[in-house]
Amino acid sequence: SARLFLLGAVRADVGGVVTPLAGAQPRMVLVHTALERGRPVPADELAEALWPERRAPHWEGALRGVVAKVRSFLAAMAHDGGASAPVLDNVGKTYRLLCPDDVVVDVWRAIEAVGEAEAAIESDPARAVVAASEAMDLLGPGLLPGVDAAWLEPWRAGLAHDLRRARRAASAAHRASGEHGAAVLCSTDAVASDPYDE
């Protein structure tokens, strides 16, 4: 009932009500801490992500202001059904995102769906196609499109690899179901995104 989207437009979807997170800096802080999946991220590391060339003299206060906007956005995800909202916690000079089990984060769901698709190719190809399609839909928009940041590149590379895995799994599952045209389309997409991937 509650979903947090980090790919494409950063937003929350609670019971079908979609709320975007405004501001480039709050989006970067949320994505950075969410990708670390519970690892406490030092304030210095977040500051480097936000101001890679030159920090303001009072950057710690500026960072607290950005964090406050993220916390306000997350708090609004709590809803009448009793679901708790994600929390951007801070311990010492670190920040970490704590996400309840009933909140689905698109990045982690996409990676799970890729694994489900690969595991089901032979035993249940129809299920594999559904899981692979979910992963492709989630991964398609990319991570913070339009943002040029060195810290994002390893994550983008990893997610691009997962997208190719999803396309290959979809192709194999379609082939196992006798849907050869769909298999060719998925294979073509996989090859187009990385022509040197054997």
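The values are calculated or read from the model by the stated rules, or taken from the named source; none is laboratory data. Source: prediction; values computed, not measured. Backbone-built Cβ (ideal geometry, glycine too); neighbour counts: all protein chains shown. With ligands, DNA and RNA removed, areas are computed over all heavy atoms of the protein, side chains included. Shrake-Rupley method; radii C 1.70, N 1.55, O 1.52, S 1.80 Å.
Looking across 168, 175, one residue alone is part of a helix (DSSP H, G or I), open to solvent by 80 Å² or more (accessible area, probe 1.4 Å) and more than 25 Å from residue 107 (Cβ to Cβ). It is 175.
Among the residues of segment 1-20, the one identified as under 14 Å from residue 88 (Cβ atoms) and either β-branched (Val, Ile, Thr) or open to solvent by 10 Å² or more (accessible area, probe 1.4 Å) (or both) is 10. In segment 99-116, the residues that are on the phi < 0 side of the Ramachandran plot reach residues that are open to solvent by less than 40 Å² (accessible area, probe 1.4 Å) and among the acidic types (Asp, Glu) with C-beta atoms within less than 8 angstrom, at least six apart or across chains, in these pairs: 110/162; 111/162; 114/162.
Filtered by the rule that a residue be open to solvent by less than 20 Å² (accessible area, probe 1.4 Å) and more than 10 Å from the chain's Cα centre (by Cα), segment 105-144 gives 113, 114, 117, 120, 128, 131, 132, 135. Answer yes or no as to whether residue 148 is more than 20 Å from residue 191 (Cα to Cα) and open to solvent by 70 Å² or more (accessible area, probe 1.4 Å). The answer is yes for residue 148.
Taken residue by residue, segment 132-143 has no member that is more than 19 Å from residue 193 (Cβ to Cβ) and either touching a residue at least 40 places away in the same chain (Cβ under 8 Å) or out of contact with any helix residue (DSSP H, G or I) (no Cβ under 7 Å at 6 or more places or on another chain) (or both).
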